[in-house]
Every structure is written in structure tokens, then in C-alpha cells.
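Let me begin by presenting the structure, written as C-alpha cells, before commenting on it.
The values are calculated or read from the model by the stated rules, or taken from the named source; none is laboratory data. Just so it is clear, the model here is predicted, and its values are computed rather than measured. Here the Cβ positions follow ideal geometry from the backbone for every residue, glycine too, while neighbour counts run over all protein chains shown. These area figures cover heavy atoms from the full protein model, side chains too; ligands, DNA and RNA do not enter into them. Shrake-Rupley method; radii C 1.70, N 1.55, O 1.52, S 1.80 Å.
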There are 2 protein chains.
Amino acid sequence: MNIGDVAALSGLPAKTIRYYEDIGLVKPLRSANGYRTFRESDAHKLAFLGRSRALGFSIEDCRNLLALYEDEKRASAEVKEIAEQHLKRIDEKIAELKEMRATLAHLVDACAGDHRPDCPILADLATKQKDEEHLKKTA
Amino acid sequence: MNIGDVAALSGLPAKTIRYYEDIGLVKPLRSANGYRTFRESDAHKLAFLGRSRALGFSIEDCRNLLALYEDEKRASAEVKEIAEQHLKRIDEKIAELKEMRATLAHLVDACAGDHRPDCPILADLATKQKDEEHLKKTA
DNA sequence: GTTGACCTTCCAGCAAGGGGAAGCCCTAGA
DNA sequence: TCTAGGGCTTCCCCTTGCTGGAAGGTCAAC
């Protein structure tokens, strides 16, 4: 298989596949003309990577997951550990975004959004920075 | 004020402040020895930027917000528009993360996490990529 | 033989800074 | 007066995970 074929199969852009070779995630063979030649197992790995990435795993996580996947003697605990860590990071990110969202929604609500210059959003952005310290100190 | 002072005031690292000057967000003066000299208004802007960034606005959003902030004749509608767009992006991101989270939590739950190699997480990562297409085609 | 679709490598860049080197500047203390 | 230290400067590379483009080789079809 050439890179185009495996790209179509895995759903990954050819550029991404070359990059994955670059960083050692896959090791396709080369044919006489210099083209990359992918085996079934390479296509399989790439699909695995695509799926892992889609779940938000970092490249380093993917590398570890792939190694575990290929290790017949792995302990599922190792896989679970990686997944749980990632789950935790996702939860943290969600919490962070929700907090932003709450503040922002509040401000958007308070803003008239008309032709006048008065704007609670700008007022908040302009004043909070010192008030926060103030509040902490005086609280 | 030197950069260290304004860094302490705004809570931004000196590196970040230099970067913000680089990309034209602030324009501190220079004293004879080459040191940056920040006015009150610069400190104010930097705090504004810090707060905007903390709410997740992109640098370009920040640039626009800052311009509106300084424009006495702005329409609050313009500010609101930027904030609403950002709110929308946050909501999309949260939705995306929640979907990842759901899948991942499901898999983690199903995994024994012991010394045995059998692992639903790996099984899922290994098979979903083609099944998905399959499902779409055969559905 | 010549298009046009592939494929190759390399270089540059995105966001939004962080790390660290090499080298001024300024002040305080012995 | 010298020296140590801390702060400041510029510069360039590193990060994550790719993406785009330029310059050029290859291959199958017409």
C-alpha cells in the first residue's frame, strides 16, 4: 500500500502519516522508487492511532498505548492507568471551561449589545485584575 | 515602572509581557539604559489582557477587545459579539470533551485493570476505526 | 511524449509563550 | 574601589501536533 491508500483507509492525512513515521510511531518499508510501503499491520496501527487521538490522547499516550497493544504480556492495569489519567485531565479541562463559560455567560447577559459604549464586559475585564487581589487581601 | 514591577502588578510573567510588546499589544517607552518603562496605562492594559486571556479569549480577540476598550465611541454590540462567539467556541469545546469523556469513562469502567492482558480499552481502539465506517455504510 | 496524479524531501509556520545563554546596568556592601 | 547580586536586554531554540507549500522524482494513461 502507498501512503494515499493507507490515508484513505485510516482517515488520516498523508502529512500526518509522514509525521507519525518521523516521530517513530510507524515504520513503513520503502520500495525501490523510494515510496513508503505500508503493510496491513501499519494500516492497523495508524487506525489505532487515529482512534486514540480522536479520544484526545496525547501523542506520548498513543505511543505507550500502542506499545501495550503490541505487548501480548501487558497488564490491563497499565492501560487503565493511562486512560484514567487522561480522563482526569479531561475532567479538569471541562471544569476549567465551565468556569469560563459561567463568567462569560454572566457578562454577556449583562451587556445590552446596542450602539451605546457602556459595556459590563469591558468594565469587568478592566477592573477585575486589581479587585481580585483586593478581595483576597481584604476578605 | 520596569518590567518586573508591572509583571508583579499584572500577574503576567515578564516573558509574556515582552511577547505582548513583540506582537504589538503594548508599547512601553524605553529609558536611556534600554529598559522598558511602563506607564500606568500600560499596566492597566496588561491587567486587561491577563484577565481576557484567563477567560480563554485568543490573542486576536484580546487585541480587538483592547481596541474597543480604548475606543470611547464603541458600540457595546461589538464587544458582545466577540464574547458570544467565544462563548460558542467554549460550548463546542465542552461538548467535544464531554463526548470523549463519556466514551473513555465507559471503556475505563469495562477494563478490569489487573495483571491480565485482556483489555476492552485496547480492543476498542483497535477495532473501532473500521467498524465505524462499516456501521455508516451498512446502517 | 506529455500530461496529471502520485510520491519524495525540506522549510516555514500556527498559538502562546517557556527556557536558557550571553551580555549590559545598577546598587549595596567590604 | 572593587565586586557580587539581581534585574534587565536580545537572541534563538523548544514545545504540541500537525499543515501548507516549493521543488522535484515516478508512474500510468492517452
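Considering only the label points, 7 Å along Cα→Cβ from Cα, what distances in nm to one decimal separate B:Tyr19 from the same position in each other copy, shortest first?
Counterpart label points of B:Tyr19 in the remaining copies fall at 1.9 nm.
Using a Debye calculation, one point per C-alpha and no hydration shell, please list log10 I(q)/I(0) for chain B at q = 0.15, 0.22 Å⁻¹ in order.
Values returned for q = 0.15, 0.22 Å⁻¹ are -0.82, -1.30.
From largest to smallest, what semi-axes in whole angstrom does the protein assembly as shown give when each is the square root of 5 times an eigenvalue of its alpha carbon gyration tensor?
Result for the protein assembly as shown: semi-axes of 47, 23, 20 Å.
How large, in percent, is the carbon and sulfur part of the accessible surface of chain B at a probe radius of 1.4 Å?
Here carbon and sulfur together make up 52 percent of the probe-accessible area.
Students sometimes get this wrong: rank A:Asp118, A:Asp71, A:Asp5, A:Asp124 by accessible area, probe 1.4 Å, all chains present, largest first.
Working: A:Asp118 105, A:Asp71 60, A:Asp5 80, A:Asp124 20 Å².
Largest to smallest exposure gives the sequence A:Asp118, A:Asp5, A:Asp71, A:Asp124.
How large is the charge dipole for chain A, taken about the Cα centre, if only the Cβ atoms of Lys, Arg (+1) and Asp, Glu (-1) carry charge, to the nearest 20 debye?
440
Considering only C-alpha atoms, what is the centroid distance from the range A:11-31 to the range B:99-115, in Å?
First find each Cα centre; the distance between them is then 28 Å.
Distances from B:Glu84 to the same position in the other copies: list them in nm, one decimal, shortest first, using label points 7 Å from Cα along Cα→Cβ.
4.5
Quick check: net charge around A:Arg30, other residues with Cβ under 15 Å of its Cβ, Lys/Arg +1 and Asp/Glu -1?
Counting the neighbours of A:Arg30, the net charge comes to +1.
Treating the beta-carbon of each Lys and Arg as +1 and of each Asp and Glu as -1, no other charges, what is the dipole magnitude of the protein assembly as shown about its Cα centre, to the nearest 20 debye?
Magnitude of the dipole: close to 620 debye.
Write down the accessible area per residue of the protein assembly as shown in Å², having rolled a 1.4 Å probe over the full set of protein chains.
With all protein chains present, the protein assembly as shown gives 57 Å² per residue.
To one decimal in nm, how far is B:Glu96 from the same spot in the other copies, if labels go 7 Å from Cα toward Cβ? Please give the shortest first.
1.4
Over chain A, with a Gaussian network built from C-alpha contacts below 10 Å, which listed residue (A:Val108, A:Val79, A:Val26) shows the highest mean-square fluctuation?
Maximum fluctuation in the GNM of chain A, among the listed residues, is at A:Val108.
Filter the cross-link list A:Lys93/B:Lys88; B:Lys45/B:Lys73; A:Lys80/B:Lys98; B:Lys45/B:Lys80; A:Lys45/B:Lys93 down to pairs whose alpha-carbon distance in this structure exceeds 23 Å.
A:Lys45/B:Lys93
State the answer as a single residue: which of A:Ser52, A:Tyr69, A:Ala8 lies farthest towards the positive end of the charge dipole of chain A, with beta carbon charges of +1 for Lys and Arg and -1 for Asp and Glu, about the Cα centre.
Most positive-ward Cα: A:Ala8.
For the pair B and A, how large is the buried accessible area, both sides, in square angstrom to the nearest 100, if the probe is 1.4 Å?
Approximately 4900 Å², summed over both chains.
Give, ordered by residue number, each residue of the range A:94-122 whose 1.4 Å probe accessible area is reduced by a minimum of 50 Å² on adding the remaining protein chains to the chain alone.
A:Ile94, A:Leu97, A:Met100, A:Arg101, A:Leu104, A:Val108, A:Pro117, A:Leu122
Taking H as built 1.01 Å from N, whose amide H comes closer than 5 Å to the amide H of B:Thr37, not counting residues under 5 places away?
Amide H neighbours of B:Thr37: B:Leu29, B:Arg30, B:Ser31.
About its Cα centre, what dipole magnitude does the range A:1-57 give when the only charges are +1 on Lys and Arg Cβ and -1 on Asp and Glu Cβ, stated in debye to the nearest 20?
80
Measuring from the axis that superposes chain B on chain A, report the chain B residue with the minimal C-beta distance, rounded to whole Å.
Checking which Cβ lies nearest the axis yields B:Ile94, 3.
Quick one: which bits of the range B:1-28 get at least 20 Å² less accessible when the partner protein chains are in, versus the chain alone, with a 1.4 Å probe?
Output list: B:Leu9.
Decide, for the range B:1-48, between rounded, prolate and oblate: order the square roots of the alpha carbon gyration tensor eigenvalues as a ≥ b ≥ c, take rounded if a/c falls under 1.5, and otherwise choose prolate if a/b is larger than b/c, else oblate. Before the final figure, lay out each step's value.
Working: a/c = 1.43, a/b = 1.25, b/c = 1.14.
The shape class here is rounded.
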